[in-house]
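Have a look at the structure below, then the notes.
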Amino acid sequence: MIFSFGKKKADTAGQVDFSHLPRHIAIILDGNGRWAKRRGLPRTAGHKVGAETFRTIATYCRDIGIDYLTVYAFSTENWKRPQEEVDTIMALLKRYLLEAIETMERDNVRLRFMGDMTPLSGELKALVDRCNAISERLTGCLCSICINYGGRAELVHAASRFAEDCRVGLVKPDDLTEDMLAGYLYSAGIPDPDLLIRPGGELRLSNFLLWQCAYSEFYTTDVLWPEFTKEELHRAIASYQRRSRRYGGLREGTT
């Protein structure tokens with residue numbers, strides 16, 4: 001993994017090669033609360049602005065030809081936050097799902113939800129099911145939204161499913177390979193992220209896509225998520241395009 005500390009503001013937008021884009025971009029939506037605090041606003045205001053930023057960036061990713069976009073919207077640990085903040089996030093999710101149901105077919109955008117949906121309200125789970133059903137008819141950009149998601153919990157869930165298949169005789173323990181285990185993850189069938197973007201200045205995965213990001217390129221920036229723009233996305237992509245992805249090997253011609 002190569003880290004790019006996006007602290008310099010040199011404009012690299014013009015350096016993006018739109019014929020060589022990463023196929024799959026993952027983003028940790030970080031900094032909503034800090035954005036609000038710096039402005040003397042409640043944290044809930046930051047989440048509302050962050051939701052609009054997500055719409056803008058997701059739409060732009062579709063427009064430029066990104067095949068897969070995965071975002072970390074709500075972790076398994078986020079339930080510990082103040083109830084008002086959790087309620088605001090869930091209300092924003094409901095609003096987004098209702099809008100998506102109206103526009104997915106028109107825009108040919110598929111939605112997928114990764115995580116344990118059990119704690120969600122019956123209303124939200126029903127909306128998720130409707131989005132999933134619509135997505136099955138579509139072929140366009142796949143936007144995966146991680147809700148009540150944790151990378152470790154995902155691995156435990158995958159291991160549990162594999163163990164159950166062993167118990168009933170569908171597979172044997174010795175059959176397990178990396179590809180087979182990947183098929184038990186929430187992200188089954190989706191290629192691993194090429195580029196992971198973390199706004200907000202933090203330099204950690206925060207329990208996000210632990211398996212899938214084994215060889216992802218990292219880009220971090222101090223820009224908080226509500227202020228994340230298309231130009232900042234260009235900087236991340238340009239940084240990605242300047243790198244040589246060797247997957248543990250050597251660059252061709254290196255001895």
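The values are calculated or read from the model by the stated rules, or taken from the named source; none is laboratory data. It should be emphasised that the depicted structure is a prediction, and the values quoted were computed from it without experimental measurement. Quick reminder, even Gly has a Cβ in these numbers, built from the backbone with ideal geometry, and neighbours come from all protein chains shown. The area values use the complete protein model at the heavy-atom level, side chains included, leaving out ligands, DNA and RNA. Shrake-Rupley method; radii C 1.70, N 1.55, O 1.52, S 1.80 Å.
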* **Qualifying residue in the range 157-169 (condition: out of contact with any His (no Cβ under 8 Å at 6 or more places or on another chain) and not in a helix (DSSP H, G or I))** => yes
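With the requirement that a residue be of a type in the set (Phe, Trp, Tyr) and either surrounded by 15 or more Cβ atoms within 10 Å (Cβ to Cβ) or farther than 19 Å from Asn207 by Cβ (or both), what does the range 65-111 give you? Break it down into steps so the answer makes sense when it comes.
First pass over the range 65-111, keeping only residues of a type in the set (Phe, Trp, Tyr): 68, 72, 74, 79, 96.
Listed by number, the residues that qualify are Tyr68, Tyr72, Phe74, Tyr96.
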* What pairs come up if the first residue lies in the range 24-35 and is in contact (Cβ under 8 Å) with a residue 12 or more places away in the chain, the second is of a type in the set (Val, Ile, Thr) and open to solvent by less than 10 Å² (accessible area, probe 1.4 Å), and their beta carbons are under 6 Å apart, counting only those six or more places apart or on different chains? -> Ile25/Ile66; Ala26/Thr70; Ile27/Val71; Ile27/Ile197; Leu29/Val71
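For the range 25-53, which residues satisfy the criterion of being outside any helix (DSSP H, G or I) and out of contact with any strand residue (DSSP E or B) (no Cβ under 9 Å at 6 or more places or on another chain)?
Of all residues in the range 25-53, those outside any helix (DSSP H, G or I) come to 25-31, 39-42.
Within the range 25-53, Gly31, Arg39, Gly40, Leu41, Pro42 meet the criteria.
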* Could you list, in sequence order, the residues of the range 170-179 that are touching a helix residue (DSSP H, G or I) at 6+ places or on another chain (Cβ under 7 Å), exposed (fewer than 12 other Cβ atoms within 10 Å of the Cβ) and either among the polar types (S, T, N, Q) or not in a helix (DSSP H, G or I) (or both)? -> Lys172
* Structure fact -> Among the residues of the range 31-55, the number that are out of contact with any Phe, Trp or Tyr (no Cβ under 6 Å at 6 or more places or on another chain), closer than 18 Å to His234 by Cα and at pLDDT 95 or above is 1
